[in-house]
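Here is the structure we will look at, set down as structure tokens.
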Amino acid sequence: EALTGDGVFKYYAGLEQELKDAAHAAKCEPATLVKRIEALTEEVRALSSENEKLKNKMAREALGDVMDQVQDVKGTALLAAKVPGVDMPGLMNLGDQLKAKLGEGVIVLASEKDGKVSLLAMATDQAMKNGAHAGNLIKGIAKLVGGGGGGRPNMAQAGGKNPAGIEAALKEAVQVLNDQLR
């Protein structure tokens with residue numbers, strides 16, 4: 001399809017207006033629009049990185065010192081804790097940190113954010129040798145938060161829609177782990 005005569009002028013006038021509108025939205029002149037977009041993109045990247053760091057810090061602070069919540073289940077350490085307002089990536093990051101702090105054992109974390117529940121279970125190598133299976137553990141407790149999930153023996157996750165069931169799920173984690181361990 002080709003443009004001729006006045007159609008060409010209208011087409012380019014429309015493009016020029018779009019360029020001016022974009023420059024106005026970016027608060028710059030059309031000649032500097034590309035540099036402004038690059039600067040804004042870099043600013044978004046920096047703010048996104050800062051946001052992730054703050055979310056991780058908030059997750060750690062919300063959890064506080066939970067090492068006093070560690071329970072012994074047939075000789076395997078279990079840390080089952082609720083962390084308010086943390087999304088799944090935040091739970092995974094926190095789980096890795098707690099696993100390093102715990103040494104050997106099983107970690108179960110639960111969080112409610114925006115009316116949705118996230119569950120995470122992690123098992124260390126020694127815990128798996130003792131019979132722990134994070135995927136089966138998550139399957140055993142996810143129904144209590146109105147959801148489902150699963151995963152590997154060392155790490156599993158689930159989602160749910162019933163935040164009121166978090167406490168029951170964390171209590172059930174003790175029983176499910178007890179049934180798994182030899």
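With respect to (1) hydrophobic (A, V, I, L, M, F, W, C); (2) in contact with a helix residue (DSSP H, G or I) (Cβ under 6 Å, 6 or more places away or on another chain); (3) open to solvent by less than 50 Å² (accessible area, probe 1.4 Å), the lone exception for Leu144 is condition (3). Just one of the listed residues (Leu47, Leu54, Leu3) is open to solvent by 50 Å² or more (accessible area, probe 1.4 Å), at pLDDT 95 or above and not small (Gly, Ala, Ser), namely Leu47.
Yes or no: Ala110 buried (at least 19 other Cβ atoms within 10 Å of the Cβ) and farther than 13 Å from Leu170 by Cα?
Spelling it out, it is not the case that Ala110 is buried (at least 19 other Cβ atoms within 10 Å of the Cβ) and farther than 13 Å from Leu170 by Cα.
Is it the case, given these coordinates, that Gly90 is under 25 Å from Lys171 (Cβ atoms), in contact with a Lys or Arg (Cβ under 9 Å, 6 or more places away or on another chain) and either outside any helix (DSSP H, G or I) or touching a residue at least 60 places away in the same chain (Cβ under 8 Å) (or both)? No, not satisfied.
Only one of Ser111, Ser118 is in contact with a Lys or Arg (Cβ under 8 Å, 6 or more places away or on another chain) and among the small types (Gly, Ala, Ser); which?
Values: Ser118 fails: in contact with a Lys or Arg (Cβ under 8 Å, 6 or more places away or on another chain).
Only one candidate passes the filter, namely Ser111.
When the residues of the stretch 74-99 are filtered to those that are more than 16 Å from Ala134 (Cβ to Cβ) and over 18 Å from the mean Cα position of the chain (by Cα), the one that is surrounded by the most Cβ atoms within 10 Å (Cβ to Cβ) is Lys74. Among the residues in the stretch 57-71, are any among the basic types (Lys, Arg), farther than 15 Å from Ala173 by Cβ, within 18 Å of the chain's Cα centre (by Cα) and assigned to a helix (DSSP H, G or I)? Looking through the stretch 57-71, at least one residue is among the basic types (Lys, Arg), farther than 15 Å from Ala173 by Cβ, within 18 Å of the chain's Cα centre (by Cα) and assigned to a helix (DSSP H, G or I). For the stretch 147-167, the set of residues classified as farther than 16 Å from Leu91 by Cα and open to solvent by 50 Å² or more (accessible area, probe 1.4 Å) consists of Arg152, Pro153, Lys161, Asn162, Ala164, Glu167, listed by residue number.
The values are calculated or read from the model by the stated rules, or taken from the named source; none is laboratory data. Here the structure is a predicted model, which is why all the values come from computation and not from measurement. A quick note on method: Cβ atoms are made from the backbone with ideal geometry, for glycine too, and the neighbour counts reach across all protein chains shown. Remember, those area values only see protein heavy atoms, side chains included, never the ligands or the DNA or RNA. Shrake-Rupley method; radii C 1.70, N 1.55, O 1.52, S 1.80 Å.
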